[in-house]
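S.K.: Shown below is the structure under consideration.
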Amino acid sequence: MERIILKATRRDSVGKGPSRRVRMDESFPAVYYKGQDVPQHISINTREFGLLQKKQVRVVTLDIDGVIAENCLIRDIQRHPVNSAVLHVDFQGMIPTRKVRLRLPITFVGNPLGLRQGGQIRKLLHFARIVCMPENVPSSVEVDISHMEAGTTMLVRDMPVNPAYTLMVPEHLAVIQITKPRAKA
């Protein structure tokens, strides 16, 4: 896993007014917490964080005014409902020996045979819960669908096993379906 450092500045004042002032300075408020420690209120540069989001990074190293916090999971991102600007982020410090639970998006890889047979893709499951060690946190759960033919459905139990994480989704749920082509009238 590549080490990505994100610079942060400690904030002493919290609340609506100080948060608005932070956002006016091309930053946004955030919070860092780890275990039973007292949460630290910080501010992050909006542009730097935007670059991380394009890479779909889930784990970063925070540099809070010179103090390094390793293995910080981006736990929650609050966005503006209209323009999708980042309003607030929660960073959770992970303990290297303790597994972490995550909800990750499912990405489908490959071009299914069923599409060439005239079928259509129906994505039925968009997110999956996983449990993994901090060093194995993926950006998403990848599922190869290139072998699927028209009229087939992939269930969770049919997904390939990844040794880096454990899926916490019921095995009977359908993940994706390639429909049969419709008969022409």
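S.K.: I need every pair where a residue in the range 105-118 that is touching a residue at least 24 places away in the same chain (Cβ under 8 Å) and surrounded by fewer than 16 Cβ atoms within 10 Å (Cβ to Cβ) has its Cβ under 6 Å from the Cβ of a residue that is of a type in the set (A, V, I, L, M, F, W, C) and assigned to a loop (DSSP other than H, G, I, E, B), sequence separation at least 6 or different chains.
M.R.: Pairs that qualify, where the first residue is touching a residue at least 24 places away in the same chain (Cβ under 8 Å) and surrounded by fewer than 16 Cβ atoms within 10 Å (Cβ to Cβ) and the partner is of a type in the set (A, V, I, L, M, F, W, C) and assigned to a loop (DSSP other than H, G, I, E, B), are Gly110/Ile145; Gln117/Ala150.
S.K.: If you take the residues in the range 54-67 that are touching a strand residue (DSSP E or B) at 6+ places or on another chain (Cβ under 7 Å) and modelled with pLDDT of 85 or more, which one is surrounded by the most Cβ atoms within 10 Å (Cβ to Cβ)?
M.R.: Ranking the qualifying residues of the range 54-67, first place goes to Val59.
S.K.: In addition: Pick out, from the range 1-120, the helices (runs of 4 or more DSSP H) lying fully within it that include 1 or more residues that are of a type outside the set (Val, Ile, Thr) and over 30 Å from Pro181 (Cα atoms). Spell out the reasoning first.
M.R.: On the way: elements: 16-24, 46-54, 113-116.
Output list reads 16-24, 46-54.
Conditions tested, residue by residue: (1) at pLDDT below 90; (2) within 30 Å of Leu6 (Cβ to Cβ).
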site: Val82; (1), (2): no, yes
site: Gln120; (1), (2): no, no
site: Met133; (1), (2): yes, yes
site: Ile145; (1), (2): no, no
site: Thr153; (1), (2): no, no
site: Thr166; (1), (2): no, yes
site: Lys180; (1), (2): yes, no
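S.K.: State whether one or more residues within the range 135-146 are within 27 Å of Gly35 (Cβ to Cβ), touching a Ser or Thr at 6+ places or on another chain (Cβ under 7 Å), of a type in the set (Ser, Thr, Tyr) and not assigned by TED's automatic domain parsing to the domain that holds Gly35.
M.R.: The answer is yes; a qualifying residue exists.
S.K.: I'm trying to understand the selection: among the residues of the range 12-22, which are in contact (Cβ under 8 Å) with a residue 12 or more places away in the chain and surrounded by fewer than 17 Cβ atoms within 10 Å (Cβ to Cβ)?
M.R.: Hits for the range 12-22 are Asp12, Val14.
S.K.: Go through the range 137-159 and give me each residue that's under 17 Å from Pro105 (Cβ atoms) and either within 22 Å of the chain's Cα centre (by Cα) or outside any strand (DSSP E or B) (or both).
M.R.: Val137, Pro138, Ser139, Ser140, Val141, Glu142, Val143, Asp144, Ile145, Val156, Met159
The values are calculated or read from the model by the stated rules, or taken from the named source; none is laboratory data. Computed from a predicted structure; not experimentally measured. Cβ atoms come from the backbone with ideal geometry, glycine included; neighbour counts cover every protein chain shown.
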